[in-house]
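Structure record follows, encoded as structure tokens.
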């Protein structure tokens, strides 16, 4: 029974990564839009979708949402959605995908280390899988640096981009750790309900970014169908469905394992990039994929003997 629960949790984590990988395509496809516009578009669509989906459930859901839940939702939505995505887009635009992915790709490691609990492996037992995953992240970035993964940038752009990538790493780490802890401590919501509540709060926060569309906007009307199409696809796929799957994984797995599953976001982002560029992986890219998969499978095997938290 425990092994089936873990397998389902891993499947949810992989599915979340597949959908989250779509997030990296948005800035590449919509280079004419600012980070604030991209964030506002994505999360306004997420908020609207969540509002429509949560409406039929609201009468029985509302009484269960406590003041502590609303407070947690506010900070988790801000850290894991608005702030993270703003910093990620700036990092990609200023320093390029190579530098941004090198730093943000450390999320599986940082989440595993900062999210340790009684149901986590000892650090010495995690060392092997984490080193293999780090080697995979390094291989991805060796290839990106070797082949020019981003635009030419000034020294100031690079410094700003690196700082924003570090901020994105810290923001997503905080979200991953505290979201998992809140879900396990407050089991009165399903994963889908929590995802929709998160979307509702995030949509409200995104309203504060909406004026960006009217301040200094220089886009022609023909640019907006693509903008809103990409925003809606990312909102529904990555935010609504992807976050729901991630909440399920967070409930069923210890943080030291679920944190490492975030690496699938990187793997799927690479896959989508290959499709977009109409090419196959290069040697270092194949090595990175093999190392990342090996690290995850090794970690999953080690976690078979870890006691699950009470639910």
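The values are calculated or read from the model by the stated rules, or taken from the named source; none is laboratory data. If you're wondering where the values come from, they're calculated on a predicted model, not measured in any experiment. Heads up, the Cβs are rebuilt from the backbone with ideal geometry, glycines too, and the neighbour counts pull from every protein chain shown.
Filtering segment 131-160 down to residues that are modelled with pLDDT under 75 and more than 30 Å from residue 281 (Cβ to Cβ), which residue is surrounded by the most Cβ atoms within 10 Å (Cβ to Cβ)?
Top of the filtered list is 154.
Identify, from the list 102, 86, the residue that is within 20 Å of residue 266 (Cα to Cα), at pLDDT below 75 and assigned to a helix (DSSP H, G or I). Before the answer, list the steps.
Values: 86 fails: at pLDDT below 75.
Going through 102, 86 in turn, the sole match is 102.
Count, please, the residues in segment 48-96 that happen to be surrounded by fewer than 22 Cβ atoms within 10 Å (Cβ to Cβ), under 16 Å from the mean Cα position of the chain (by Cα) and farther than 14 Å from residue 205 by Cβ.
0
Would you confirm, using the coordinates I've provided, whether residue 195 is crowded, with 19+ Cβ neighbours inside 10 Å and closer than 14 Å to residue 85 by Cβ?
No.
If residue 62 satisfies all but one of (1) touching a residue at least 40 places away in the same chain (Cβ under 8 Å); (2) farther than 16 Å from residue 234 by Cβ; (3) in a helix (DSSP H, G or I), what's the number of the condition it fails?
Exception for residue 62: condition (1).
Consider residue 2 carefully, then state whether it is under 22 Å from residue 261 (Cβ atoms), in contact with a helix residue (DSSP H, G or I) (Cβ under 9 Å, 6 or more places away or on another chain), surrounded by fewer than 21 Cβ atoms within 10 Å (Cβ to Cβ) and modelled with pLDDT under 90.
Yes, satisfied.
Looking at (1) part of a helix (DSSP H, G or I); (2) more than 17 Å from the chain's Cα centre (by Cα), which is the only condition residue 32 fails?
Only one criterion in (1) part of a helix (DSSP H, G or I); (2) more than 17 Å from the chain's Cα centre (by Cα) is unmet by residue 32, namely (1).
Results for (1) in contact (Cβ under 8 Å) with a residue 60 or more places away in the chain; (2) in contact with a strand residue (DSSP E or B) (Cβ under 9 Å, 6 or more places away or on another chain); (3) closer than 18 Å to residue 235 by Cβ, shown as yes or no for each residue.
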site: 184; (1), (2), (3): yes, no, no
site: 192; (1), (2), (3): no, no, yes
site: 196; (1), (2), (3): yes, no, yes
site: 202; (1), (2), (3): yes, no, yes
site: 207; (1), (2), (3): yes, no, yes
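From 244, 237, which residue is surrounded by fewer than 17 Cβ atoms within 10 Å (Cβ to Cβ), out of contact with any strand residue (DSSP E or B) (no Cβ under 8 Å at 6 or more places or on another chain) and modelled with pLDDT of 80 or more? Don't jump to the end; show me each part of the working.
On the way: 244 fails: surrounded by fewer than 17 Cβ atoms within 10 Å (Cβ to Cβ).
None of the others qualify; the one that does is 237.
Suppose we filter 19, 52 for residues that are without any contact (Cβ under 8 Å) to a residue 24 or more places away in the chain and in a helix (DSSP H, G or I); which single one remains?
Going through 19, 52 in turn, just one is without any contact (Cβ under 8 Å) to a residue 24 or more places away in the chain and in a helix (DSSP H, G or I): 52.
Listed here are the residues, each with its yes/no results for (1) at pLDDT below 85; (2) part of a helix (DSSP H, G or I); (3) more than 30 Å from residue 302 (Cα to Cα).
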position: 129; (1), (2), (3): yes, yes, no
position: 162; (1), (2), (3): yes, yes, yes
position: 178; (1), (2), (3): no, yes, no
position: 183; (1), (2), (3): yes, yes, no
position: 198; (1), (2), (3): no, yes, yes
position: 203; (1), (2), (3): no, yes, yes
